[in-house]
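Engineer: Starting off with a structure, shown below.
What follows is calculated from the coordinates using simple rules that are stated; it is not laboratory data. Nothing here was measured: the structure is a model prediction, and the numbers come from that model. Cβ atoms come from the backbone with ideal geometry, glycine included; neighbour counts cover every protein chain shown.
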Amino acid sequence: MKHNTIALILGGGRGTRLHPLTAVRSKPAVGVAGKYRLIDITVSNCIHSGINKIFVITQFQSTSLHRHLMQTYRFDAFSNGIVEILAAEQTQENESWFQGTADAVRGSLHHALDYNPDTVLILSGDHLYRMDYELMLAQHWANNADITVAVQPVPRVDAPRMGLLRADEDRNVVEFVEKPQDPAILEKFRAPENLLSASDKSSGEERFLASMGIYAFRPQTLIEALSDKTIMDFGKEVLPQSVGVRKLQAYPFSGHWEDIGTIRSFFDAHMAMVQPDPPFALYTPKWPIFTRTRSLPPAQIIESQIRNSMVSEGSRIIGAIIEDSVIGLRSKVRKGAKLKRVVMQGADYFDGERVKPGAENDSPGIDLGVGENSILEDVIIDRNARIGSNVIITSKSGHPDYKGDSYYIRDGIVVIPRDAVIPDGTII
């Protein structure tokens, strides 16, 4: 049976735990793997799953995200596909901004319902995973569910920061709790063996069944669930209040999934990508990640040593040593530089392309990229940063979080923020 599904992607997250990468952009707009944005993961999953009516709800620092979506996702004239931005708006009935995930959907849903869907798929725009939503929707339709929640077993260490649920043998959810901190409550949500085997996560280690923030709704169910305007969040209110009232089902997901919501998890996810057998493989021919197409030259590597790393197009590496690192678009690494465990987001332009009014050039004395003889270890470099020559930035494992001049320390990782300039000879 042909179904008409629309996807609503929540793209307005502040991502405070990912600061300073979210200092000038929303979390879904943060760069990942040197050339993508986090939002590309979810939109690509939709397209591969045959869902081509996609709405992205935005609010916080959304300019960068809007620009990327408009430049990237354009269906042709012979397709009925759309990727449409639903920006937060003040109306005659409501002049406040969105106060939570459910409030964001309530304020935007009337635009999407014009397409008369029979299913509304609600997704987060800031997770790292590959998922065929069609398989989840098949269970949703086959079981005549009102709501279906994608779930995955997680270890005890992660359970207190997740929405946890209990389900019976038929996958009907019988209890849901958001981020339980009490160990006694936590014990009630151990994942049953039948769902562990269905999700391919049976390893002998205790696991807890966690919501992935992926929901399939009947449109009328969603309208009714959001009719109370005091309800602001899906995990805290909509799902717990639906247990025993609506047919709420769990769909076990077997693939890799993670919320890279902190600087440490963001860094570790990238370090995993450059290993021989990464948990989230970028090289998947049948399920590529789509992003903006750029007319950039191939990466140029001259007299350099590179090991276990990814180098994006437009980059130029001359006489450098790079190990376990991700090198983003238009990056430049100069002679004698040594990079180890570095996530370099690259640049939006080459030196000389953007000249500010009244200035002879766009370079404040230091060129974009990493200068000669600089040594960097355990560092994240945001877009358009300029690191001078003979700079030393080393691992800060065990160091407390700190904000310095043109750098931050977060979770033991040194983060160089967007457009920062690190003078020659600096030691961090």
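Engineer: Nearest 500 deg cm²/dmol is fine: what mean residue ellipticity at 222 nm does the chain get from its DSSP H runs of n ≥ 4 alone, each adding -39,500 (n - 2.57), divided by its residue count? Mind dumping the intermediate values first?
Structural biologist: Details: 9 runs with 76 residues, N = 428.
So the calculated ellipticity at 222 nm is -5000 deg cm²/dmol.
Engineer: Follow-up. Between Trp287 and Ser227, what is the label-point separation in nm under the 7 Å Cα-to-beta-carbon projection?
Structural biologist: Distance between label points: 3.8 nm.
Engineer: No solvent, one uniform scatterer per C-alpha: report log10 I(q)/I(0) for segment 301-352 via the Debye equation at q = 0.20, 0.21, 0.24 1/Å, two decimals.
Structural biologist: -0.59, -0.65, -0.85
Engineer: To make sure I understand the rule: partners must be aspartates and glutamates, Cα under 14 Å from the Cα of Lys188, and not fewer than 8 residues away in the same chain. Which ones qualify?
Structural biologist: Asp168, Glu175, Glu178, Glu206
Engineer: Now, a different point. In degrees, nearest 10, range 0 to 90: what is the angle between the Cα axis of helix 101-112 and the longest Cα principal axis of the chain?
Structural biologist: 80 degrees
Engineer: Counting only C-alpha contacts under 8 Å and six or more residues apart, can you give the relative contact order of segment 1-155 as a whole percent? Mind dumping the intermediate values first?
Structural biologist: On the way: 219 pairs, mean separation 50.8, N = 155.
About 33 percent, as a whole number.
Engineer: Enumerate by residue number the trypsin sites (Lys or Arg not before Pro) in segment 274-376 meeting two conditions: DSSP loop (anything except H, G, I, E, B), and at most 16 other Cβ atoms within 10 Å of the site's Cβ.
Structural biologist: Details: sites: Lys286, Arg292, Arg294, Arg307, Arg316, Arg330, Lys332, Arg334, Lys335, Lys338, Lys340, Arg341, Arg354; in loops: Lys286, Arg292, Arg294, Arg330, Arg334, Lys335, Arg354.
Here the sparse-neighbourhood loop sites are Lys286, Arg292, Arg294, Lys335, Arg354.
Engineer: Counting every Cα pair in the chain, what percent are over 43 Å apart?
Structural biologist: Details: 15231 of 91378 pairs.
So the portion of pairs separated by more than 43 Å is 17 percent.
Engineer: Helix 63-72: angle to the longest alpha-carbon principal axis of the chain, degrees 0 to 90, nearest 10?
Structural biologist: Here the helix axis deviates by roughly 80 degrees.
Engineer: Cα gyration tensor of segment 367-420, axes a ≥ b ≥ c as square roots of the eigenvalues: rounded (a/c below 1.5), prolate (a/b > b/c) or oblate? All intermediate terms of the calculation are to be shown ahead of the outcome.
Structural biologist: Details: a/c = 2.35, a/b = 1.46, b/c = 1.61.
The shape class here is oblate.
Engineer: If packing is taken as the average count of other Cβ atoms within 10 Å, what order do 73-80, 270-277, 211-218, 407-414 fall into, highest mean first? Write down the numbers at each step before the final one.
Structural biologist: Working: 73-80: 10.0, 270-277: 14.6, 211-218: 23.9, 407-414: 19.9.
The peptides rank, most packed first, as 211-218, 407-414, 270-277, 73-80.
Engineer: In whole Å, how far is the Cα centre of segment 82-158 from that of segment 59-77?
Structural biologist: 18 Å
Engineer: If you restrict to DSSP beta bridges whose two residues both lie in the chain, what percentage is antiparallel, to the nearest 5? Don't skip to the end; give the middle numbers.
Structural biologist: Numbers: 29 of 83 bridges.
Of the beta bridges lying entirely in the chain, close to 35 percent run antiparallel.
Engineer: Computed FRET efficiency, Cβ-Cβ of Arg67 and Asp114, R0 22 Å: what is it to the nearest 0.05? Let's see the in-between values first.
Structural biologist: Details: r = 25 Å, r/R0 = 1.14.
Result of the calculation: an efficiency of 0.30.
Engineer: Using only Cα atoms, tell me the angle between helix 263-273 and the longest principal axis of the chain; keep it within 0 to 90° and round to the nearest 10.
Structural biologist: Helix 263-273 sits at roughly 80 degrees to that axis.
Engineer: So, how do all the Cα-to-Cα distances of segment 328-428 break down into 10 Å bins, in percent, from 0 on up?
Structural biologist: The calculated distribution, bin by bin, is 17, 51, 26, 6, 0.
Engineer: Let me ask something else about it. Run the paramagnetic zone check for Asp182: 7 angstrom along Cα to Cβ, then residues of segment 217-258 with backbone nitrogen under 19 Å.
Structural biologist: The answer is 236-237, 240-241, 243, whose backbone nitrogens lie closer than 19 Å to the label point.
Engineer: Hey, rough spin-label estimate for Asp170 and Ile427, points 7 angstrom out along Cα→Cβ, what's it come to in nanometres?
Structural biologist: 7.0 nm
Engineer: Sort segment 76-160 into rounded, prolate or oblate with this rule: let a ≥ b ≥ c be the square roots of the eigenvalues of the Cα gyration tensor; rounded if a/c is under 1.5, and if a/c is not under 1.5, prolate when a/b is larger than b/c, oblate otherwise. Intermediate values should be presented prior to the final figure.
Structural biologist: Details: a/c = 1.81, a/b = 1.23, b/c = 1.47.
Oblate, because a/c is 1.5 or more while a/b does not exceed b/c.
Engineer: If r is the Cβ-Cβ distance from Ala77 to Lys247 and R0 is 41 Å, what FRET efficiency results, to the nearest 0.05?
Structural biologist: Working: r = 40 Å, r/R0 = 0.98.
Working from the Cβ atoms, E equals 0.55.
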